[in-house]
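**Q** Sharing a structure below in structure tokens format, with a few things to ask.
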Amino acid sequence: MSMTLGGALAVAVGGGVGAPARYVLDRVVSARFDSELPWGTFAVNVSGAFLFGVLTGLAMHRHLAAVGVDLLGTGFCGAYTTFSTFTYETVRLAESGQWLEVLMNIAMSLAAGLAGAAAGLAAGLAL
């Protein structure tokens, strides 16, 4: 896989949109729940897994050009989803002794993320 200037610019533009989108959705969702669970990060990661699944399905059928994969997949989804924040929030819960919340966060994030990606892939393949 070779890197092109166009691909790098597409990743930069996608990332420039994905990071603020993550921040906004995280804040909107977090403000609606009075919970120790990080629902904002959960919503971001599950919706990002779904979107990436759709993009993968589209790319598999050549309905999405390489620049689209760079822009939306690597750029937007890469900046939008956040494994590091998920990890930080899970460790924070563990440090405060909230073990049920730790297990719930891990199990729900993994299950919902995989389900979101599978549903997105099915949707992308159907388009």
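The values are calculated or read from the model by the stated rules, or taken from the named source; none is laboratory data. As the structure is a prediction and not an experimental result, all values here were calculated from the model. When we count neighbours, we look across all protein chains shown, and the Cβ atoms used for this are built from the backbone with ideal geometry, even at glycine.
**Q** Looking at Glu95, is it of a type in the set (D, E, K, R) and touching a residue at least 24 places away in the same chain (Cβ under 8 Å)?
**A** No, not satisfied.
**Q** Here's a follow-up. Does any residue of segment 20-31 turn out to be in contact with an Asp or Glu (Cβ under 6 Å, 6 or more places away or on another chain) and surrounded by 18 or more Cβ atoms within 10 Å (Cβ to Cβ)?
**A** Scanning segment 20-31 turns up no residue that is in contact with an Asp or Glu (Cβ under 6 Å, 6 or more places away or on another chain) and surrounded by 18 or more Cβ atoms within 10 Å (Cβ to Cβ).
**Q** Right, next: With respect to Leu93, is the statement that it is out of contact with any helix residue (DSSP H, G or I) (no Cβ under 8 Å at 6 or more places or on another chain), of a type in the set (A, V, I, L, M, F, W, C) and over 30 Å from Leu9 (Cα atoms) true?
**A** Details: out of contact with any helix residue (DSSP H, G or I) (no Cβ under 8 Å at 6 or more places or on another chain): no; of a type in the set (A, V, I, L, M, F, W, C): yes; over 30 Å from Leu9 (Cα atoms): yes.
Judged against the criteria, Leu93 is not a match.
**Q** Additional query: Restricting attention to segment 1-52, and to residues there that are of a type in the set (Phe, Trp, Tyr) and free of Cβ contacts under 8 Å to residues at least 24 places away in the same chain, which single residue is nearest to Phe76 (Cα to Cα)?
**A** Among them, the one singled out is Tyr23.
**Q** Give segment 9-48 a look and list any residue that's more than 25 Å from Leu121 (Cα to Cα) and among the small types (Gly, Ala, Ser), or say none.
**A** Scanning segment 9-48 gives Ser30, Ala31, Ser35.
**Q** Do any helices (runs of 4 or more DSSP H) lying entirely in segment 1-107 carry at least 2 residues that are at negative phi, in contact with a His (Cβ under 7 Å, 6 or more places away or on another chain) and at pLDDT 95 or above, and which ones are they?
**A** Because the criterion is at least 2 residues that are at negative phi, in contact with a His (Cβ under 7 Å, 6 or more places away or on another chain) and at pLDDT 95 or above, no helices (runs of 4 or more DSSP H) in segment 1-107 meet it.
**Q** If the Cβ limit is 6 Å and pairs must be 6+ apart or interchain, which residue in segment 65-76 that is under 9 Å from Gly7 (Cβ atoms) pairs with which residue that is at pLDDT 95 or above and not small (Gly, Ala, Ser)?
**A** Listed by first residue and then by second, the contacts come to Asp70/Val11; Thr74/Val11.
**Q** Out of the residues in segment 41-90 that are closer than 18 Å to Ser30 by Cα and of a type in the set (A, V, I, L, M, F, W, C), which is surrounded by the fewest Cβ atoms within 10 Å (Cβ to Cβ)? Outline the logic, then answer.
**A** Step one: of segment 41-90, the residues closer than 18 Å to Ser30 by Cα are 41-48, 80-90.
With of a type in the set (A, V, I, L, M, F, W, C) added as a condition, the list becomes 42-44, 46, 83, 86.
Working: Phe42: 21, Ala43: 19, Val44: 24, Val46: 22, Phe83: 11, Phe86: 20.
Taking the candidates together, the pick is Phe83.
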